[in-house]
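Engineer: This is the structure I have questions about; it appears just below.
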Amino acid sequence: MEKFVISGGIPLRGDVTISGAKNAAVAIIPATILAGGRCVIENIPNISDVTILFKILRELGATVKMVNKSTVMIDTSHINDPIVPYELARLMRASYYFLGALLGRYNLASVSMPGGCDLGARPIDQHIKGFEALGVDVSIDHGMVNAKCDTMLGAHIYFDVVSVGATINLMLASVKAKGLTILENVAKEPHIVDLANFLNSMGADIRGAGTDVIKIHGVDLLHGTNYSIIPDQIEAGTYMVAAAATGGDVYVRGVIPKHLESITQKLVKAGAQVDEYDDYVHVTRTGPVCKVNIKTLPHPGFPTDMQPQITALLTLADGTSIVTEGVWDNRFRYADELCRMGANIQVDGKVAVIEGVPELKAAPVKATDLRAGAALLIAALVAHGTSEIEDIHHIERGYENICEKLQGLGANIKKVILPDSEMAKAL
Ligand SMILES: CC(=O)N[C@H]1[C@@H](OP(=O)(O)OP(=O)(O)OC[C@H]2O[C@@H](n3ccc(=O)[nH]c3=O)[C@H](O)[C@@H]2O)O[C@H](CO)[C@@H](O)[C@@H]1O
Ligand SMILES: C=C(OP(=O)(O)O)C(=O)O
């Protein structure tokens, strides 16, 4: 087991460069199956979710080679197995994109139910409803989702809830379906647009990504492509909040400021100064943290994946803030851990009332999921004394070299391998 040890109280200063977006990469990597050829993808984040997807692709028969530290060549000419087993699929959420991608190429897929962060119920009924509308038979047996059809036919699908995953899975499945597919009430996140751009660069005909309606004219054949993934909105937002929380002065580079607007707006209300430039933002805070009310919503609303991090900042506000989770049933499990560090947070279902405290105190804490881990890191960077964060594998699902990037900003953080894991490795 590994943990982060952080001595807090140091304002972050300097430059940090943002990696490729996790939630775009995890859709684009399975999508290479549709090419049936060679794709070269740049700006791949070096995170454990990506490593697992590469492993799955190799098991399916693809060739996956890193060309340099952030560019990968994936050749899916020789996929020979449409089955994604439990041991790999359970490790992450996006493994279910193999359903859409394999269906799109072979009209056949068998993928174990996915894992991912525990945020309450994470049903896949909208994915199944969409596949069925395209003429696919879907059954769930022994935890495997089995899907097959003879020919996929374009359809008009109206999603009952706005779902990133269902939008992506249906784009993947329908890109080669016969005729026109119309997806309505779709997600509009930047990674939806990035996937559409990637698929279009392979010869797909997808229009409207980034709006409520996506129209897909099925094509017979797709081909390999070269593509560069967008920067990670949530990684960027996390460093912006960390800069504000520590009273720092940080240049967050290699970003698309437009993707950060909802985060920037709340940070400014919370007392930070954020200056936007072409491909970087400059975040400082010299005054007090101000109370802010926030409700998370699908894009372009405030992203749920930034909710724990901004809550960590608001624990230090001058006054009481209310944070309402508008996407997930249970995304405040980290609040107890922040309270161990001296925060004052009352959670009632999807609402957290955060009464600001003058300071946080170092403590040993556990990351309950990816962004919960990021929130604890931010709190530990602020708190005086030495904190230890366990279960950092959650954090490493989504943040490339977070320890090194924070060290580069002057943080006193190190990754420690606990002796029992050394022992486990030796056995
Ligand atoms: C790999 C990835 O990109 N993960 C992101 C994706 O997760 P994910 O794609 O799983 O999230 P969804 O957008 O699908 O879920 C949004 C809401 O819709 C509900 N729902 C979803 C599907 C379905 O079939 N039925 C249903 O009811 C969910 O329970 C949730 O309440 O979007 C979330 C919302 O921005 C982010 O927090 C995750 O980081
Ligand atoms: C919830 C998240 O990821 P996943 O859907 O992969 O669990 C996240 O990125 O915050």
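Engineer: State all residues of the range 278-293 that are out of contact with any helix residue (DSSP H, G or I) (no Cβ under 6 Å at 6 or more places or on another chain) and either among the aromatic types (Phe, Trp, Tyr) or assigned to a strand (DSSP E or B) (or both); if no residue qualifies, say none.
Structural biologist: 280, 282, 284, 290
Engineer: Take the residues of the range 111-142 that are small (Gly, Ala, Ser) and more than 24 Å from the chain's Cα centre (by Cα): which is farthest from ligand 2 (Cβ to nearest atom)? Steps first, answer last, please.
Structural biologist: Residues of the range 111-142 small (Gly, Ala, Ser): 112, 115-116, 120-121, 130, 133, 135, 139.
Among the residues that remain, those that are also more than 24 Å from the chain's Cα centre (by Cα) are: 133, 135, 139.
Working: 133: 24, 135: 28, 139: 24 Å.
Once the filter is applied, the top-ranked residue is 135.
Engineer: Can you confirm whether residue 230 is within 24 Å of the chain's Cα centre (by Cα) and not hydroxyl-bearing (Ser, Thr, Tyr)? Can you show your working first?
Structural biologist: On the way: within 24 Å of the chain's Cα centre (by Cα): yes; not hydroxyl-bearing (Ser, Thr, Tyr): yes.
The answer is yes for residue 230.
Engineer: Turning to a different aspect of this structure: Hey, among 385, 319, 301, which residue is at pLDDT 95 or above, within 14 Å of ligand 1 (Cβ to nearest atom) and surrounded by fewer than 17 Cβ atoms within 10 Å (Cβ to Cβ)?
Structural biologist: Answer to the check: 301.
Engineer: Any idea which of (1) within 16 Å of ligand 1 (Cβ to nearest atom); (2) surrounded by fewer than 18 Cβ atoms within 10 Å (Cβ to Cβ); (3) hydrophobic (A, V, I, L, M, F, W, C); (4) at pLDDT 95 or above is the one residue 136 doesn't satisfy?
Structural biologist: (2)
Engineer: Condition test on residue 86, is it surrounded by fewer than 20 Cβ atoms within 10 Å (Cβ to Cβ) and either without any contact (Cβ under 8 Å) to a residue 40 or more places away in the chain or more than 8 Å from ligand 1 (Cβ to nearest atom) (or both)? Explain how you work it out, then say what you get.
Structural biologist: Numbers: surrounded by fewer than 20 Cβ atoms within 10 Å (Cβ to Cβ): yes; either without any contact (Cβ under 8 Å) to a residue 40 or more places away in the chain or more than 8 Å from ligand 1 (Cβ to nearest atom) (or both): yes.
Yes.
Engineer: Taking strands (runs of 3 or more DSSP E) that fall entirely within the range 340-427, which contain at least 2 residues that are farther than 22 Å from residue 48 by Cα? Steps first, please.
Structural biologist: Details: elements: 344-348, 351-355, 364-366, 385-390, 412-417.
Per the criteria, 344-348, 351-355, 385-390.
Engineer: In addition: Do you know which residues across the range 192-220 are in contact with a Lys or Arg (Cβ under 6 Å, 6 or more places away or on another chain) and either of a type in the set (Lys, Arg) or under 13 Å from residue 167 (Cβ atoms) (or both)?
Structural biologist: Result: 207, 208, 210, 215.
Engineer: In the range 112-133, what residues are at pLDDT 95 or above and more than 17 Å from residue 161 (Cβ to Cβ)?
Structural biologist: Within the range 112-133, none qualify.
Engineer: While we're looking at this one, here's another question. Among the residues of the range 246-262, is any farther than 30 Å from residue 42 by Cα and either out of contact with any Pro (no Cβ under 9 Å at 6 or more places or on another chain) or among the hydroxyl-bearing types (Ser, Thr, Tyr) (or both)? Quick ask: steps written out before the conclusion?
Structural biologist: The first filter runs over the range 246-262 and keeps only residues farther than 30 Å from residue 42 by Cα, leaving 246-248.
This time we only want the ones that are either out of contact with any Pro (no Cβ under 9 Å at 6 or more places or on another chain) or among the hydroxyl-bearing types (Ser, Thr, Tyr) (or both), so: 246.
Yes; the residues of the range 246-262 include at least one that is farther than 30 Å from residue 42 by Cα and either out of contact with any Pro (no Cβ under 9 Å at 6 or more places or on another chain) or among the hydroxyl-bearing types (Ser, Thr, Tyr) (or both).
Engineer: While we're looking at this one, here's another question. What number of residues within the range 150-160 are surrounded by 16 or more Cβ atoms within 10 Å (Cβ to Cβ) and either charged (D, E, K, R) or within 16 Å of ligand 2 (Cβ to nearest atom) (or both)?
Structural biologist: Let us first name the residues in the range 150-160 that are surrounded by 16 or more Cβ atoms within 10 Å (Cβ to Cβ), namely 152-155, 157, 159.
Of the ones still in play, those that are also either charged (D, E, K, R) or within 16 Å of ligand 2 (Cβ to nearest atom) (or both) are none.
So the answer is 0.
Engineer: Additional query: Looking at the structure I just gave you, is residue 163 within 16 Å of ligand 2 (Cβ to nearest atom) and over 27 Å from residue 254 (Cα atoms)? Steps first, answer last, please.
Structural biologist: Numbers: within 16 Å of ligand 2 (Cβ to nearest atom): yes; over 27 Å from residue 254 (Cα atoms): yes.
So residue 163 fits the description; yes.
Engineer: Moving to a separate point now. How many residues does the range 93-110 hold that are surrounded by fewer than 22 Cβ atoms within 10 Å (Cβ to Cβ) and within 13 Å of ligand 2 (Cβ to nearest atom)?
Structural biologist: Residues in the range 93-110 being surrounded by fewer than 22 Cβ atoms within 10 Å (Cβ to Cβ) and within 13 Å of ligand 2 (Cβ to nearest atom): 1 in total.
Engineer: Check whether at least one residue in the range 303-312 is part of a loop (DSSP other than H, G, I, E, B), outside the structural domain of residue 121 (by TED's automatic domain parsing) and under 17 Å from residue 189 (Cα atoms), and report yes or no.
Structural biologist: Applying the first criterion (part of a loop (DSSP other than H, G, I, E, B)) to the range 303-312 yields 303.
Checking the rest, the ones that are also outside the structural domain of residue 121 (by TED's automatic domain parsing) come to 303.
Filter again for under 17 Å from residue 189 (Cα atoms), leaving 303.
Looking for residues that are part of a loop (DSSP other than H, G, I, E, B), outside the structural domain of residue 121 (by TED's automatic domain parsing) and under 17 Å from residue 189 (Cα atoms), one finds at least one in the range 303-312, hence yes.
Engineer: So which residues in the range 287-298 are more than 16 Å from ligand 2 (Cβ to nearest atom) and surrounded by fewer than 21 Cβ atoms within 10 Å (Cβ to Cβ), if there are any at all?
Structural biologist: Of everything in the range 287-298, those that are more than 16 Å from ligand 2 (Cβ to nearest atom) and surrounded by fewer than 21 Cβ atoms within 10 Å (Cβ to Cβ) turn out to be 287, 288, 290, 291, 293, 295.
Engineer: Kindly evaluate residue 267 against the criterion of being among the hydrophobic types (A, V, I, L, M, F, W, C) and without any contact (Cβ under 8 Å) to a residue 60 or more places away in the chain. Give the derivation first.
Structural biologist: Details: among the hydrophobic types (A, V, I, L, M, F, W, C): yes; without any contact (Cβ under 8 Å) to a residue 60 or more places away in the chain: yes.
Yes; evaluated as a whole, the condition is true for this residue.
Engineer: Checking residue 148 against (1) touching an Asp or Glu at 6+ places or on another chain (Cβ under 6 Å); (2) without any contact (Cβ under 8 Å) to a residue 24 or more places away in the chain, which single condition isn't satisfied?
Structural biologist: That leaves (2) as the condition not met.
Engineer: So residue 77 passes all but one of these: (1) surrounded by fewer than 21 Cβ atoms within 10 Å (Cβ to Cβ); (2) under 16 Å from residue 147 (Cβ atoms). Which condition number does it fail?
Structural biologist: (2)
Engineer: What's the number of the condition residue 58 fails, among (1) out of contact with any Leu (no Cβ under 6 Å at 6 or more places or on another chain); (2) buried (at least 16 other Cβ atoms within 10 Å of the Cβ); (3) in a helix (DSSP H, G or I)?
Structural biologist: For residue 58, the exception is condition (2).
Engineer: Anything in the range 139-149 that is surrounded by fewer than 19 Cβ atoms within 10 Å (Cβ to Cβ) and either of a type in the set (Gly, Ala, Ser) or closer than 30 Å to residue 391 by Cβ (or both)? List them, or say none.
Structural biologist: Restricting attention to the range 139-149, the residues satisfying the condition of being surrounded by fewer than 19 Cβ atoms within 10 Å (Cβ to Cβ) are 139-144, 146, 148-149.
Passing the criteria: 139, 140, 142, 143, 144.
The values are calculated or read from the model by the stated rules, or taken from the named source; none is laboratory data. Treat the numbers as computed from the prediction; the structure is a model and nothing was measured. Because the Cβ atoms are built from the backbone with ideal geometry, glycine has one as well, and the counts that use them run over all protein chains shown.
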